[in-house]
Amino acid sequence: MYSMTEKQWWSGRVDHATDPAYFRFHQAIQLKDIASRKRDNDLKGSIALIGFSSDEGVRRNKGRVGAAKAPYEIRSVLANLAYHLEKLSIFDVGNVSCIHQQLEESQEELGKYMHYLLQAQSTPIILGGGHETLYGHYLGARQYVNQTTKLGIINIDAHFDLRNDFLPTSGTMFKQILEQDKFAGYLCLGIQKWGNTQALFQEAAQYQSNYILAEDVANDSQTIKLIDDFTKQHDYIIFTLCMDAVEATAAPGVSAPSPLGLEPKIVRDLIRYIVAKPNLLSMDISEVNPVVDENNKTVKLAAYFIADAMQSMQNRKNML
């Protein structure tokens with residue numbers, strides 16, 4: 001299920017071949033094969049991009065498939081963005097793909113590579129994929145930390161993803177996690193009232209999940225305090241961004257567009273704040289669907305969000 005990324009996805013304009021002041025991401029990224037999972041000293045302190053090419057969870061959830069193409073399309077946009085991260089080493093360490101509808105197996109495979117990257121002291125950023133990406137993300141993080149370590153998950157999302165379906169889907173991950181892991185906590189920012197049934201709000205209450213409705217999310221003291229309090233209550237944090245939380249005018253290329261979603265600048269500010277937390281382990285971005293996108297809007301926004309996240313990670317590293 002693992003494959004290396006082909007160099008063709010990291011190509012673009014060259015303003016200068018050797019002067020880093022002119023570089024774009026494709027001139028700075030390093031490709032790396034991690035199939036052997038050997039300890040690599042060069043990964044220490046780096047950021048590692050890994051793709052999860054899956055929309056099987058979306059298909060099972062009766063959504064619009066196409067997110068499996070997102071990891072490559074996001075790379076192709078990120079490749080041409082101006083590079084301002086000269087103090088970081090950034091690796092593209094390949095992809096895990098869901099083949100023959102084997103979602104559970106591919107999530108376990110992603111978890112193994114996540115565990116390896118965390119052990120190598122790299123900060124992984126997963127390019128999803130449907131939001132089923134998060135479960136593989138969680139498996140790797142939980143394997144890395146002690147089983148009784150308090151692991152908090154911060155989710156920017158229009159939906160709780162606490163569904164009680166027969167098979168795992170892109171809408172069941174948090175219920176799966178909270179049912180099996182009493183040391184996991186859940187904070188969701190951007191919940192849409194009309195996108196979640198009363199039963200799902202009841203599920204959130206049952207699991208003592210924290211959340212803020214989309215209409216109440218802002219870069220203000222109330223939202224920041226909730227993030228700070230949640231972060232302090234957990235030993236480690238993983239962060240997941242579902243692009244359907246963003247207003248549909250800016251992110252139409254998702255499985256379930258949100259006409260009253262969050263403004264991109266608010267999401268950007270939240271990303272910057274969350275990934276700068278010293279106990280953050282990793283993040284993923286999910287539900288970008290290039291097949292239904294309009295003029296590459298959603299793919300491009302996702303690439304900008306990732307670049308912003310890496311900038312904040314660099315700033316965090318400098319402060320530690």
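The values are calculated or read from the model by the stated rules, or taken from the named source; none is laboratory data. Remember, it's a predicted structure, so these values are computed and weren't measured experimentally. So basically every Cβ, Gly included, is an ideal-geometry build from the backbone, and we count neighbours across all protein chains shown. The accessibility values were calculated without ligands, DNA or RNA, using every heavy atom of the protein model including side chains. Shrake-Rupley method; radii C 1.70, N 1.55, O 1.52, S 1.80 Å.
Here the condition is being on the phi > 0 side of the Ramachandran plot, of a type in the set (S, T, N, Q) and open to solvent by 20 Å² or more (accessible area, probe 1.4 Å); of ASN279, ASN295, ASN315, it holds for ASN295 alone. Count of the range 198-227 residues, restricted to those that are within 21 Å of ILE274 (Cβ to Cβ) and surrounded by fewer than 13 Cβ atoms within 10 Å (Cβ to Cβ), is 6. In summary, LEU301 fulfils each of the numbered conditions (1) farther than 19 Å from VAL77 by Cα; (2) part of a helix (DSSP H, G or I); (3) open to solvent by 10 Å² or more (accessible area, probe 1.4 Å); (4) of a type in the set (A, V, I, L, M) with the single exception of condition (1). If you check LYS193 against the conditions, is it within 17 Å of LEU260 (Cβ to Cβ) and open to solvent by 30 Å² or more (accessible area, probe 1.4 Å)? The answer is yes for LYS193.
This table checks each residue for (1) of a type in the set (S, T, N, Q); (2) over 25 Å from TRP10 (Cβ atoms); (3) within 13 Å of the chain's Cα centre (by Cα).
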{"site": "CYS98", "(1), (2), (3)": "no, no, no"}
{"site": "GLY111", "(1), (2), (3)": "no, yes, no"}
{"site": "MET114", "(1), (2), (3)": "no, no, yes"}
{"site": "GLU132", "(1), (2), (3)": "no, yes, yes"}
{"site": "LEU139", "(1), (2), (3)": "no, yes, no"}
{"site": "ILE154", "(1), (2), (3)": "no, yes, yes"}
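Among the residues of the range 22-48, how many are in contact (Cβ under 8 Å) with a residue 12 or more places away in the chain and closer than 17 Å to GLU86 by Cβ? Residues in the range 22-48 being in contact (Cβ under 8 Å) with a residue 12 or more places away in the chain and closer than 17 Å to GLU86 by Cβ: 12 in total. Among the residues making up the range 73-112, none is among the acidic types (Asp, Glu), open to solvent by less than 30 Å² (accessible area, probe 1.4 Å) and in contact with a Gly (Cβ under 8 Å, 6 or more places away or on another chain). In the range 197-213, the residues that are over 23 Å from VAL267 (Cα atoms) form Cβ pairs under 7 Å with partners that are surrounded by 17 or more Cβ atoms within 10 Å (Cβ to Cβ), at six or more places apart or across chains, as follows: LEU200/PHE160; LEU200/LEU162; GLU203/PHE160; GLU203/LEU162; GLU203/LYS175; TYR207/LEU178; TYR207/TYR186.
I'd like to check something: does the range 176-188 contain any residue that is buried (at least 18 other Cβ atoms within 10 Å of the Cβ), closer than 30 Å to ALA248 by Cβ and in contact (Cβ under 8 Å) with a residue 60 or more places away in the chain? Within the range 176-188, none of the residues are buried (at least 18 other Cβ atoms within 10 Å of the Cβ), closer than 30 Å to ALA248 by Cβ and in contact (Cβ under 8 Å) with a residue 60 or more places away in the chain. Residues in the range 118-137 that are assigned to a helix (DSSP H, G or I) and open to solvent by 10 Å² or more (accessible area, probe 1.4 Å): GLN119, TYR135.
Could you tell me whether GLY111 is over 27 Å from GLU263 (Cβ atoms), of a type in the set (Gly, Ala, Ser) and free of Cβ contacts under 8 Å to residues at least 60 places away in the same chain? Give the steps one after another, and end with the answer.
Numbers: over 27 Å from GLU263 (Cβ atoms): yes; of a type in the set (Gly, Ala, Ser): yes; free of Cβ contacts under 8 Å to residues at least 60 places away in the same chain: yes.
Considered against the rule, which asks whether it is over 27 Å from GLU263 (Cβ atoms), of a type in the set (Gly, Ala, Ser) and free of Cβ contacts under 8 Å to residues at least 60 places away in the same chain, GLY111 comes out as yes.
When the range 228-243 is filtered for residues that are in contact (Cβ under 8 Å) with a residue 60 or more places away in the chain and either of a type in the set (Asp, Glu) or buried (at least 17 other Cβ atoms within 10 Å of the Cβ) (or both), the ones remaining, listed by number, are PHE230, THR231, HIS234, ASP235, TYR236, ILE237, ILE238, PHE239, THR240, LEU241, CYS242.
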